[in-house]
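The values are calculated or read from the model by the stated rules, or taken from the named source; none is laboratory data. Given the structure is predicted, the values throughout are model-derived calculations rather than measurements. Here the Cβ positions follow ideal geometry from the backbone for every residue, glycine too, while neighbour counts run over all protein chains shown. We work out accessible area using only protein heavy atoms, side chains counted, and drop any ligands, DNA or RNA first. Shrake-Rupley method; radii C 1.70, N 1.55, O 1.52, S 1.80 Å.
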Amino acid sequence: MASPALLPLSSRRMAALSPGSSVSFYPHHRATLRLSEKFILLLILSAFITLCFGAIFFLPDSSKHRRFDLGLQDVLIPHIEQPRPAGRDSRDGPQGGGGGGGAAVAGGGVMVHGGGEEHRHRHREEEEQLRKMIRADHERALEEAKEKLKKSKDQIRAEIQTEKNRVAQDAKKREGKQLPKVPIPKPVGINNGDPGDPETREKQEKIKEMMKHAWGNYRQYAWGHNELKPLSRKGHSTNIFGNSQLGATIVDALDTLFIMGLFDEFRDGKEWIEKNLDFSVNAEVSVFEVNIRFIGGLLAAYYLSGEEVFKQKAAQLAEKLLPSFNTPTGIPWAMVNLKSGVGRNWGWASAGSSILSEFGTLHLEFVHLSYLTGDPIYYKKVLHIRKLLKNMDRPHGLYPNYLNPRTGRWGQHHTSVGGLGDSFYEYLLKAWLVSDKTDTEARKMYDDALQAIEKHLIRKSNSGLTFIGEWKNGHLERKMGHLTCFAGGMFALGADGSPDDKAGHYLQLGAEIAHTCHQSYDKTVLKLGPEAFKFDGGTEGVALRQNEKYYILRPEVIETYWYMWRFTHDPKYRQWGWEAAQAIDKYCRVVGGFSGVKDVYSSSPAYDDVQQSFFLAETLKYLYLLFSSDDLLPLDYWVFNTEAHPLPILRSMNTTLSGNIVFQ
Ligand code: DMJ
């Protein structure tokens, strides 16, 4: 079949050669011409037919080649090849809106051999079909991938929500659930601690008056805030409470009010807690600070008063701290958001580490939480920390202050019995004491640590003052912090039960530390101790740097005086305590409360305008106890947490060798 495109040309030729045409220039050759004409015509025709068949059989199937090329091109550079109209979807396939389909393509394939415009047109259509198919395939795959991604995101979201719901339900169940009835250890010895002699009674009364002044001003100017700014006479807060108003001073001060017999004030505090203390706040708090001040404060208030609300609140708060343990190692984050449960560490801590004195100061409170709630989870969490620490290598037998909760490796090798390390050692000893001396693993860890501390950190100065330095950058820094002064009391408290019958040695060590710390107070103008003091060359117990000369109403030195008083009844401890109380009253008291001072070597120091909550919880409590009889909170019934909140020794508690806790 000829192509219609060829017909006009052939007819023109035929017409020119036809017998009826006027082109007969050679009449005498007519017959010959007719013959040759026929022959030529036949020749042309056969040539034409041959050409057509040749085209059919021998020309390459360009459509097939184009199909392949197009496909590849489309895959590689579809956006360059032809911009696609927006909004196309996978339905624009071969059977879709293209108008062609498989049959049309096949038809087109045959038409190609015809050549010409029609052929190119069909060819383009075919290309377009193929493009559509390929694009449709890609788009479908893309849509499927998107769908899968969306699904997995939704799935993850759903899983998180389910988990959140479960935690919330558990919390609700616990909230609603009556906490089990456990015997409340008898609040032994609360008979107002009358010291007997009028002189001491007067001092005791003076301390009580100082407490009233501190509390009264907080009550008036900062009620519900965390702390008081006694000069500005308004509320104060720091990042340890997540800048939320949790009434830290109220909770921290409750038990001091109670043991001083300030029951109206105590009731006020209790009422505020009942009505306002809510832990479902969007606040990122310090796990350690909230534990020692809030949980410790609430538990002590519960044990002293028997008021259920304190126990309930402590249990609710403890629940909020649990997510901080969700780390690869179980070593908790330093901070946790009370609402979301998201935890993290302080930005300043070495290589993302958690701090030894923070994650190592949870044990006492958590043992009591398990006891009161009947839920072993709290005990398990702190026991896990203990086991992990116990099995770790320690440089020179010392515990570095930094531990990475992700890797479980030590951070910087800095060891201190002061800031960043202090209460970890204290809680090893007190874990043993609170267990009625059954937790021998804790005692052993305490004894071993103390041995390393004595060997590497404790030295005598040129003038014979015993001090505890810090191990830093491979050498001993001959500097002692105010915070480290608590260790005198700890050594005395741990003397009984120390290995190799070294009780006398440790009591003596406690006395030496008490003496050194007293010296650090005595060498100042205000008779109040600096934040840190040196033992270098001619310097003996004095702060040299301006930023170490402040006193922020800290308790550690008075704490050690009190323990030393209880164990020795040496009157010098009451004397030293009284000196400190008078200095505080003289230099830190302002109309609106008590304030820290910026330079203890200056006769007219600037105030820092903060009344720390630990001033009411600890400093005034230890002073009051120092001028009270020993039967007020006797040490064979009570263990004080690191914020001076008394918790009863659990006589019925037994820790088994496998680390289980049993309350008989
Ligand atoms: C208190 O919060 C606690 O005693 C803690 O262990 C460390 N220091 C402050 C008071 O100085």
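Annotations
- Only the Cβ atoms of Lys and Arg (+1) and of Asp and Glu (-1) were treated as charged; on that basis the dipole of region 202-346 about its Cα centre amounts to roughly 340 debye.
- Note on His475: accessible area approximately 90 square angstrom, rounded to 10, probe 1.4 Å, nucleic acids and ligands left out.
- Area accessible to solvent at Arg651, 1.4 Å probe radius, in Å²: 120 Å²
- A straight line joining the Cα centroids of region 181-232 and region 266-328 runs 20 Å.
- Centre separation in Å (Cα based) which lies between region 335-396 and region 419-471: 19 Å
- Members of Lys549/Lys572; Lys390/Lys472; Lys212/Lys311; Lys181/Lys311 lying beyond 19 Å, as alpha-carbon distances in this model show: Lys549/Lys572; Lys390/Lys472; Lys212/Lys311
- Aspartates and glutamates with Cα under 18 Å of Lys148, excluding same-chain neighbours fewer than 8 positions away: Asp89, Asp137, Glu139, Glu159
- Per residue, in Å², the accessible surface of region 288-346 once ligands and nucleic acids are set aside, probe 1.4 Å: 25 Å²
- Straight-distance crosslink candidates among lysines, where the alpha carbon sits under 20 Å from Lys208 and sequence neighbours closer than 8 are dropped: Lys270, Lys586, Lys621
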